[in-house]
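J.: Can you keep this structure in mind? I'll have questions shortly.
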Amino acid sequence: MTTRFDGTAALITGAGSGMGRAITLRLASEGAAVMAVDIDEGGLAETRFLATGTVSVRVVDVADPAACAEAVAAAVTEFGRLDVLGNVAGIYVPAHVTETSVDLYRRTLAVNLDGPFFLSQAAIPHLVAAGGSIINIASNAGVQGVPYSAAYAASKGGLIQLTRSLAVEYIKTPLRVNAIAPAGTLTNIARTVKFPEDRDPDLARRMGGYRGVAMPEEIAALFAFLASSEAKSITGAVYAVDNGLTAS
């Protein structure tokens with residue numbers, strides 16, 4: 001059976017769980033050869049076990065620019081091409097801004113923004129040649145104020161602007177660059193996140209919508225559409241998947 005991604009190759013970060021895993025499984029099920037990247041070796045092994053199709057795994061800390069370049073090179077060496085880069089890996093540790101340590105701030109920016117920058121930098125020549133796409137997983141925190149999330153919001157706001165800037169810079173090439181901005185999504189982060197004990201309930205209510213949370217598979221479905229030729233006219237876009245939270 002011919003599927004949308006037959007003959008293509010993708011590199012997906014954060015593939016050991018949550019949205020990254022769902023995206024990896026979705027693309028592989030539709031014919032893509034996927035290099036699944038994460039810092040969690042056990043999570044990657046489980047992703048590969050669950051996959052139907054071609055999935056290779058590689059332990060990578062996306063906060064390391066050299067490791068980002070090596071991951072792209074490994075994917076191209078193994079698959080002979082690269083059509084899709086999915087910057088999905090991210091961290092979120094809520095804290096009062098006055099209690100956010102230098103290490104937490106820098107780690108958040110390094111994983112959520114630096115990683116996508118350096119992965120894109122390494123991947124773009126291959127993606128342009130293939131007529132491929134970059135899809136960044138941003139957040140509604142990048143487009144509206146979110147309490148106890150200053151470092152995270154800064155990183156995701158930066159990722160949205162990185163998306164738009166790359167889309168414009170490469171507008172005259174076949175490369176497309178888009179972002180998805182989820183709100184609450186049922187991932188490991190959502191299950192384990194801990195907010196400050198003295199959080200203001202009025203402010204905390206701003207972080208939840210009326211329609212609950214999304215599932216990782218919903219993000220994966222949109223990702224697959226944006227990565228496919230069905231979305232050939234879409235670049236520089238930011239798609240909210242937030243159950244109406246940003247609009248409300």
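J.: Run Leu166 past the list (1) within 26 Å of Ser17 (Cβ to Cβ); (2) surrounded by 20 or more Cβ atoms within 10 Å (Cβ to Cβ); (3) not charged (D, E, K, R) and report the number of the one that doesn't hold.
T.: For Leu166, the failing item is (1).
J.: Looking only at residues that are touching a helix residue (DSSP H, G or I) at 6+ places or on another chain (Cβ under 7 Å) and of a type in the set (A, V, I, L, M, F, W, C) in the stretch 52-66, which one is farthest from Val34 (Cα to Cα)?
T.: Ala63
J.: Would you confirm whether or not the stretch 126-138 contains a residue that is surrounded by 21 or more Cβ atoms within 10 Å (Cβ to Cβ), in contact with a Ser or Thr (Cβ under 9 Å, 6 or more places away or on another chain) and under 14 Å from Ala63 (Cα atoms)?
T.: Among the residues of the stretch 126-138, not one is surrounded by 21 or more Cβ atoms within 10 Å (Cβ to Cβ), in contact with a Ser or Thr (Cβ under 9 Å, 6 or more places away or on another chain) and under 14 Å from Ala63 (Cα atoms), which makes the answer no.
J.: Taking helices (runs of 4 or more DSSP H) that do not extend beyond the stretch 138-233, which have at least 3 residues that are touching a strand residue (DSSP E or B) at 6+ places or on another chain (Cβ under 7 Å)?
T.: 150-169, 216-227
J.: Also, quick follow-up: Given the criteria surrounded by fewer than 18 Cβ atoms within 10 Å (Cβ to Cβ) and modelled with pLDDT of 95 or more, does Ala15 qualify?
T.: Taking the combined requirement at face value, the residue does not satisfy it.
J.: I would also like to ask the following. Taking the stated definitions as given, is Gly157 buried (at least 20 other Cβ atoms within 10 Å of the Cβ), modelled with pLDDT of 90 or more and among the small types (Gly, Ala, Ser)?
T.: No: the conditions fail for Gly157.
J.: Out of the residues in the stretch 25-38 meeting the condition of being in contact (Cβ under 8 Å) with a residue 40 or more places away in the chain and farther than 13 Å from Leu85 by Cβ, tell me which one is surrounded by the most Cβ atoms within 10 Å (Cβ to Cβ).
T.: That would be Asp38.
J.: Give Ala220, Ala183, Ala227 a once-over and let me know the one that is at pLDDT below 95 and surrounded by 14 or more Cβ atoms within 10 Å (Cβ to Cβ). Full working, then the answer.
T.: Values: Ala220 fails: at pLDDT below 95; Ala227 fails: at pLDDT below 95.
None of the other options fit; the residue is Ala183.
J.: Please specify each residue of the stretch 1-42 satisfying the condition of being in a loop (DSSP other than H, G, I, E, B) and either more than 20 Å from Pro116 (Cα to Cα) or of a type in the set (Val, Ile, Thr) (or both).
T.: If the condition is that a residue be in a loop (DSSP other than H, G, I, E, B) and either more than 20 Å from Pro116 (Cα to Cα) or of a type in the set (Val, Ile, Thr) (or both), then Met1, Thr2, Thr3, Arg4, Phe5, Asp6, Gly7, Thr8, Glu30, Gly31, Ala32, Ile39 are the ones that fit.
J.: Here is a follow-up. Give the stretch 203-246 a look and list any residue that's aromatic (Phe, Trp, Tyr) and either without any contact (Cβ under 8 Å) to a residue 60 or more places away in the chain or farther than 20 Å from Ala10 by Cα (or both), or say none.
T.: Tyr210, Phe225, Tyr239
J.: Which one is surrounded by the most Cβ atoms within 10 Å (Cβ to Cβ) among residues in the stretch 43-60 that are touching a residue at least 24 places away in the same chain (Cβ under 8 Å) and within 17 Å of Leu119 (Cα to Cα)?
T.: Looking at residues that are touching a residue at least 24 places away in the same chain (Cβ under 8 Å) and within 17 Å of Leu119 (Cα to Cα), I get Val60.
J.: Tell me which of these Leu82 doesn't satisfy, since it passes every other one: (1) crowded, with 19+ Cβ neighbours inside 10 Å; (2) farther than 25 Å from Ala240 by Cα; (3) free of Cβ contacts under 8 Å to residues at least 60 places away in the same chain.
T.: Condition not satisfied by Leu82: (3).
The values are calculated or read from the model by the stated rules, or taken from the named source; none is laboratory data. Bear in mind that the values here come from a model prediction, so they are computed numbers and not experimental data. Counting neighbours? That spans all protein chains shown, and the Cβs are built from the backbone with ideal geometry, glycine included.
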